[in-house]
1. Considering only region 347-374, how many residues are buried (at least 22 other Cβ atoms within 10 Å of the Cβ), in contact with a helix residue (DSSP H, G or I) (Cβ under 6 Å, 6 or more places away or on another chain) and small (Gly, Ala, Ser)?
2. Just the residues that are part of a helix (DSSP H, G or I), buried (at least 24 other Cβ atoms within 10 Å of the Cβ) and of a type in the set (S, T, N, Q), please, taken from region 438-476.
3. Select from region 248-262 the residues that are over 9 Å from residue 365 (Cβ atoms) and in a helix (DSSP H, G or I) and list them in ascending order.
4. Restricting to region 190-210, count the residues that are modelled with pLDDT under 95 and open to solvent by less than 10 Å² (accessible area, probe 1.4 Å).
5. For residues that are among the hydrophobic types (A, V, I, L, M, F, W, C) and more than 14 Å from residue 316 (Cα to Cα), tally how many sit in region 354-371.
6. Identify the residue in region 334-355 that is part of a helix (DSSP H, G or I) and farther than 18 Å from residue 238 by Cβ and, among all such residues, is nearest to the chain's Cα centre (by Cα).
7. Starting from residues that are over 27 Å from the mean Cα position of the chain (by Cα) and either acidic (Asp, Glu) or on the phi > 0 side of the Ramachandran plot (or both), keep the ones in region 550-587 and report whichever is surrounded by the fewest Cβ atoms within 10 Å (Cβ to Cβ).
8. Kindly indicate which of 417, 431, 512 is at pLDDT 95 or above, part of a helix (DSSP H, G or I), crowded, with 24+ Cβ neighbours inside 10 Å and hydrophobic (A, V, I, L, M, F, W, C).
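The values are calculated or read from the model by the stated rules, or taken from the named source; none is laboratory data. All values reported here derive from a predicted model rather than from experimental measurement. Cβ placement follows ideal geometry from the backbone for every residue including glycine, while neighbour counts extend to all protein chains displayed. Only protein heavy atoms, including side chains, enter the accessible area calculation; ligands, DNA and RNA are left aside. Shrake-Rupley method; radii C 1.70, N 1.55, O 1.52, S 1.80 Å.
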Amino acid sequence: MKEMGRGLESETNPSPERSASPDANPSPRSGQNSSPNPMPEKLTGSEIMLRTLLLEGVECVFGYPGGAVLYMYDALHGHEGFRHVLTRHEQGAVHAADGYARSTGKTGVCIATSGPGATNLVTGIATAYMDSIPMVVITGNVATEFTGTDAFQEADIIGITQPITKHSFAVRRVEDMSRVLREAFRIAGTGRKGPVLVDIPKDVSAATTDFVYPAEPAWPRGYAAGTRQRIDEAAASRLAARLSEASRPLLLAGAGVIHADAAEELLVFAERERIPVTTTLLGLGGFPGDHPLWLGMPGMHGTVAANTALQECDLLVSVGARFDDRVTMKLEAFAPRAEIAHIDIDAAEIGKLVPTAHGIVGDARETLAWLNARAAAPARTAVPTEREAWLRRLAELRLRFPLGYRDSETELKPQYVIEMIDRTTNGEAIVTTDVGQHQMWTAQFYRFRRPRSLLTSGGLGTMGFGFPSAIGACIGNPGRTVVSINGDGGMQMCAQELAVCAIHNVPVKIAVINNRTLGMIRQWQKLIYEERYSHIDLSGSPDFVKLAEAYGVRGLRAETKAEAERAWREALATPGPALVDFVVSREEMVYPMVPQGSALHEMILGEER
């Protein structure tokens, strides 16, 4: 076992992929109450941790206690100013912190004990890392004298998670506690955001020292301090000039637009330049889903209009998107006619996968604001006329190939359920999903009109993410309707968190799209593996209504359209949490679909087409 920083005051491990300098703009929370204590007082490491979290503006921590963090939980006892939510599994804690972060834009925080407690966080940390979500993950560990001895419940959690964290700290001295936590929040919430792990040995959490809150967090080893990144005005000017000439431009907006709070600037930019927009799965909500310039989601299950636009555009401007393989599909055939422009906070992403003619490293909001304020308007030549023809072609494709499904009066279709949820919430809910067919149907049939309205595991595709993330979203957004859409498979990976909803009256509305099978796997086995269905039958799943009621949550079931309408409205009217088991068609497929290894224009449109 690797010894974690033996003999060092603190060990810092920046991820090699994200160790480029983040911009030095502090997180919205890190500037609060920033003056150090005028009169230092003796506190334990655990008390310093809690005091620092409060000064950082932390509103809620999700966690699960164990032996290595007992001093921390003892410090929590009777602390009126600190909210802690006890989940029923560490994975529930990390996903709830993730959902809190995605929906609020703040840094989520979770705590777990050493060994299995810490390792149970790994999937959630990887989920946050893949999707650039700011989190501070606090783990306990064995006392420093036992480090590296294979002590009871010892695990080298820094070594385990180093590839999936933006940075890691092992606190070796109590005097470093507040400084390390301040640095952790700064790193998590600046530049390309991501999870930061802080590992605290048990003896450090018990030791005492004078509490001094650092006035300004330092950049740790591996990160360069400095001024905020300046916009490359020359590159931005070249892009503006190219835009004035393009006949068939297209905007590809990703999660970076949402992380940067750049939705308003994107809308202004698209409308001013008259450019159609397609948004990735994690970019949904970054551009209004009911806007006439929006083409839908691109990629494997993208719309005909969006995928055709990518293949036919002559200038593709990507803002905060990383050209994920589910968007590009066959990479060498992606956007074959386009000159590529890429705006991204992470310089490592520009040119990584696609040849880039115009690379602009910078914050999406600031770059778009600069373009909106200073770029020249399109030249009044024949180009605008050609651009209008481009817009008409795409509008015709939207009308000719709308997203659709074969409705039924005898079976409840999952697409109908999503449309109903959209209609009854006016597209204004925060929607979380698990992973699978229901995730894609939600992306296709719910019209996200606001940023931070869709919370889903995009990069890692984590089953079990959807429901716990909804708990975090509810806690972070009191008064907002939060809907958790789950498959019957993913729901069983996190169902124990129903207890949290019941105990704390968390008013999440849970929709289980129950087709009694692992639907997306079944779809692939049908289309690609010649209907050799292997180990996908979930017909032995529990009665979700009874399961919800066993935890003290209102449970309802629907098998027809009429029952679905009635049950869902009843769930929405329930003051606290409610679960609706929607028993839907087992045979339903997600279309369009681009098979792996195919180009975006090689879409399977489905039987209704």
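1. Looking only at that region, the number is 1.
2. 439, 442, 469, listed by residue number.
3. Taking region 248-262 first, the residues over 9 Å from residue 365 (Cβ atoms) are 248-256, 258-259.
Matches in region 248-262: 255, 256, 258, 259.
4. 1
5. Number of matching residues: 6.
6. Going through region 334-355, the residues part of a helix (DSSP H, G or I) turn out to be 347-349.
Adding the requirement that they be farther than 18 Å from residue 238 by Cβ leaves 348-349.
Values: 348: 20, 349: 18 Å.
Here the answer is 349.
7. 587
8. Of the residues listed, the single one that is at pLDDT 95 or above, part of a helix (DSSP H, G or I), crowded, with 24+ Cβ neighbours inside 10 Å and hydrophobic (A, V, I, L, M, F, W, C) is 417.
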